[in-house]
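Okay, so here's the structure we're looking at.
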Amino acid sequence: MDCLFCKIIKKEIPSNIVAESDSLVVFPDINPAAEVHLLIVPKKHIAGVGEIGEEYAQLLVEIFDTVNILVKKNDLTDKLYRVVVNGGKAQHVPHLHFHLLGGQWKKYV
């Protein structure tokens with residue numbers, strides 16, 4: 001498979017992984033749109049939102065638990081932040097991932 005995120009997960013492509021569990025990795029976006037722009041990526045290759053079913057309920061809970069940890073760690077609790085999931089042509093890498101954006105915005109997302 002020629003998936004950029006799968007290669008990062010397998011450590012075939014270097015990345016600054018800031019958090020990791022058995023199910024997901026977190027690393028900074030290479031093109032940040034905000035002061036804090038982290039990608040939360042499941043280790044299992046899931047092409048996009050359309051593939052999400054009940055079997056991923058626990059993974060989604062872990063993703064949002066991780067978001068809450070990252071919000072606190074990056075001092076965003078009392079600031080504006082967003083969690084964004086792109087789909088279709090807006091999803092540049094066809095591997096489900098969540099963007100945590102916060103702090104000073106660099107461009108409109």
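The values are calculated or read from the model by the stated rules, or taken from the named source; none is laboratory data. It should be emphasised that the depicted structure is a prediction, and the values quoted were computed from it without experimental measurement. We place every Cβ from the backbone using ideal geometry, glycine too, and count neighbours over all the protein chains shown.
A few points about this structure:
- Among the residues of the range 61-82, those identified as part of a loop (DSSP other than H, G, I, E, B), surrounded by 13 or more Cβ atoms within 10 Å (Cβ to Cβ) and modelled with pLDDT of 95 or more are Asn74, Leu76.
- If you go through the range 48-60 and keep only what is modelled with pLDDT of 95 or more and among the acidic types (Asp, Glu), you end up with Glu54, Glu55.
- Val41 vs. criteria loosely packed, with under 14 Cβ neighbours inside 10 Å and touching a His at 6+ places or on another chain (Cβ under 9 Å): no
- Applying the criterion of being without any contact (Cβ under 8 Å) to a residue 24 or more places away in the chain and over 17 Å from Ile46 (Cβ atoms) to the residues of the range 56-79, the residue that is farthest from the chain's Cα centre (by Cα) is Asp78.
- Of all residues in the range 1-36, those satisfying the criterion of being more than 23 Å from Gln58 (Cα to Cα) and in contact with a Lys or Arg (Cβ under 8 Å, 6 or more places away or on another chain) are Ile13, Pro32, Ala33, Ala34, Glu35.
- Enumeration of residues in the range 83-104 that are surrounded by 15 or more Cβ atoms within 10 Å (Cβ to Cβ) and outside any loop (DSSP other than H, G, I, E, B): Val83, Phe98, His99, Leu100, Leu101, Gly102, Gly103
- Among (1) in contact (Cβ under 8 Å) with a residue 40 or more places away in the chain; (2) of a type in the set (Val, Ile, Thr); (3) more than 19 Å from Leu4 (Cα to Cα), the one test that Val93 misses: (3)
- Yes/no for Pro94 being of a type outside the set (A, V, I, L, M) and within 17 Å of Asn16 (Cα to Cα): no
- Options Ile46, Ile30, Ile17: the member that is outside any strand (DSSP E or B) and under 17 Å from Gly103 (Cα atoms): Ile30
- Near pairs, Cβ below 9 angstrom, 6+ apart or cross-chain, from the range 1-22 (over 14 Å from Ile46 (Cα atoms)) to any residue that is of a type in the set (D, E, K, R) and outside any loop (DSSP other than H, G, I, E, B): Ile13/Lys7; Val18/Lys73; Ala19/Lys73; Ser21/Glu62
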